[in-house]
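Notes to accompany the following structure.
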Amino acid sequence: MSRIGKKPIAVPAGVQVTIQGSAVAVKGPKGQLETRIPQGISMQQQDGHLVAARQDDSQAALHGLARALVNNAVEGVTKGWTRELEIVGIGYRAEMKGKGTVVFTLGFSHPIEYPLPSGIEVAVDPKQTRLTISGIDRQKVGQVAAEMRSLRPPDPYKNKGVRYVGEKLKKKVGKTGAK
């Protein structure tokens, strides 16, 4: 039995959950999300909690996944999700252009414009070296953060590039001089 799948999801006050077949719609103070549940898994509402149940053991691998997806939706519409990026390197920076575009200067011959998808907000600190990506959809926030990081991944030799806050890099030594 899935340990995560068995745990009930607490539904906070102010959050409405609507279950229609394989779709769970969650509406809260920050917005509305709809999550699709894999076939064979069903969600039931029981006294302020949501419980994931599976038909038989052939859906064991998807039991915990379905519960986690719905839990992420409930948490997203109440608190929201954030991911922080850090830009390291001389002259490397990011700035907002309007409300829906982030412009990166990452040592290339041209600036890189990254258009933001709907539902995602980015805040750039005054030093222009730290970005905070936020939204209600956890998957979308993580995907945008990963795409921004891939514009200039951290270099293990010079420790320059775009990285997650708290990400530890193992610095490699370069070539040694010829004798």
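The values are calculated or read from the model by the stated rules, or taken from the named source; none is laboratory data. Everything quoted here is computed from the prediction, not taken from an experiment. All Cβ positions, glycine included, derive from the backbone under ideal geometry; neighbour counts span all protein chains shown.
Report whether or not ILE90 is assigned to a loop (DSSP other than H, G, I, E, B) and either of a type in the set (Phe, Trp, Tyr) or modelled with pLDDT of 90 or more (or both). So ILE90 passes the test. Can you confirm whether the range 59-77 contains a residue that is within 30 Å of PRO153 (Cα to Cα) and surrounded by fewer than 14 Cβ atoms within 10 Å (Cβ to Cβ)? Taking every residue of the range 59-77 in turn, none turns out to be within 30 Å of PRO153 (Cα to Cα) and surrounded by fewer than 14 Cβ atoms within 10 Å (Cβ to Cβ). Is it the case, given these coordinates, that SER118 is more than 21 Å from the chain's Cα centre (by Cα) and of a type in the set (S, T, N, Q)? Spelling it out, it is not the case that SER118 is more than 21 Å from the chain's Cα centre (by Cα) and of a type in the set (S, T, N, Q). Evaluating THR132 against the criteria (1) touching a helix residue (DSSP H, G or I) at 6+ places or on another chain (Cβ under 9 Å); (2) within 26 Å of LEU33 (Cα to Cα); (3) of a type outside the set (Phe, Trp, Tyr); (4) not in a loop (DSSP other than H, G, I, E, B) leaves one unmet condition, (1). Look at (1) within 22 Å of GLY76 (Cα to Cα); (2) not in a helix (DSSP H, G or I) and you find that GLN143 fails only one, number (2).
Can you confirm whether the range 16-23 contains a residue that is surrounded by fewer than 17 Cβ atoms within 10 Å (Cβ to Cβ), more than 19 Å from the chain's Cα centre (by Cα), modelled with pLDDT under 90 and not assigned by TED's automatic domain parsing to the domain that holds ILE136? Taking every residue of the range 16-23 in turn, at least one turns out to be surrounded by fewer than 17 Cβ atoms within 10 Å (Cβ to Cβ), more than 19 Å from the chain's Cα centre (by Cα), modelled with pLDDT under 90 and not assigned by TED's automatic domain parsing to the domain that holds ILE136. The set of residues in the range 45-94 being small (Gly, Ala, Ser), free of Cβ contacts under 8 Å to residues at least 24 places away in the same chain and assigned by TED's automatic domain parsing to the domain that holds THR18 consists of ALA53, SER58, ALA61.
Matching residues to (1) assigned by TED's automatic domain parsing to the domain that holds LEU33; (2) closer than 18 Å to ILE87 by Cβ; (3) of a type in the set (A, V, I, L, M):
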{"position": "GLY119", "(1), (2), (3)": "no, no, no"}
{"position": "VAL124", "(1), (2), (3)": "no, yes, yes"}
{"position": "ILE133", "(1), (2), (3)": "no, yes, yes"}
{"position": "GLN139", "(1), (2), (3)": "no, no, no"}
{"position": "VAL144", "(1), (2), (3)": "no, yes, yes"}
{"position": "LYS158", "(1), (2), (3)": "no, yes, no"}
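For the criterion of being at negative phi, under 17 Å from the mean Cα position of the chain (by Cα) and buried (at least 17 other Cβ atoms within 10 Å of the Cβ), LEU106 fails.
The condition (being crowded, with 17+ Cβ neighbours inside 10 Å and without any contact (Cβ under 8 Å) to a residue 24 or more places away in the chain) is satisfied by just one residue among LYS140, LYS99, LYS170: LYS140.
With respect to the conditions (1) assigned to a loop (DSSP other than H, G, I, E, B); (2) over 14 Å from the mean Cα position of the chain (by Cα), GLU113 falls short on a single one, namely (1).
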